[in-house]
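Any read-out appearing in this document is the output of simple, stated calculations on the displayed coordinates, not a laboratory observation. The model shown is predicted, which means the values in this text are computed figures rather than measured ones. Methodologically, a virtual Cβ is constructed for each residue, glycine included, from the backbone with ideal geometry; neighbour enumeration extends over all protein chains shown.
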Amino acid sequence: GDGQDFTASTCNSLTDFDTQLSVFTGDCSSNNNGGGAASMALMECVDGNDQYCGDQSLVEWKTIPGVTYYILVHGYLTSTGNFQLSVYPTLVEEQQSQNAMTSTDMP
């Protein structure tokens, strides 16, 4: 992280199943020779979402400088399929939205 707000999204035409998104911090490594549940116990959920844009998901979170974030794309219940994950500073999205409004308001 660098202190900015970030967005992760599967809201696009290439994602073809009911997604859920989860953002974690923590340590994915394990000292128990196999990971699994013991590894997940070292992770902390920062944010999660289901159904932001129909069956796809979007999460926004504020990053902390120097912290590593892990994004998990998973399906609702047993849903599986193809997905495109977009991750970007949230400010970029806000600027694009403002620019789009400005250009349509011009004579």
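Sorting the segments 47-53, 65-71 by their residues' average number of neighbouring beta-carbon atoms within 10 angstrom, most packed first, yields 47-53, 65-71. Karplus-based coupling profile of region 80-88, in residue order and whole Hz: 9, x, 8, 8, 10, 9, 10, 10, 7, with θ = phi - 60° in 6.51 cos²θ - 1.76 cosθ + 1.60 and x standing for Gly or Pro.
Subtracting the Cα-Cα distance of ASP27 and SER13 from their residue separation scaled by 0.36 nm leaves 1.8 nm.
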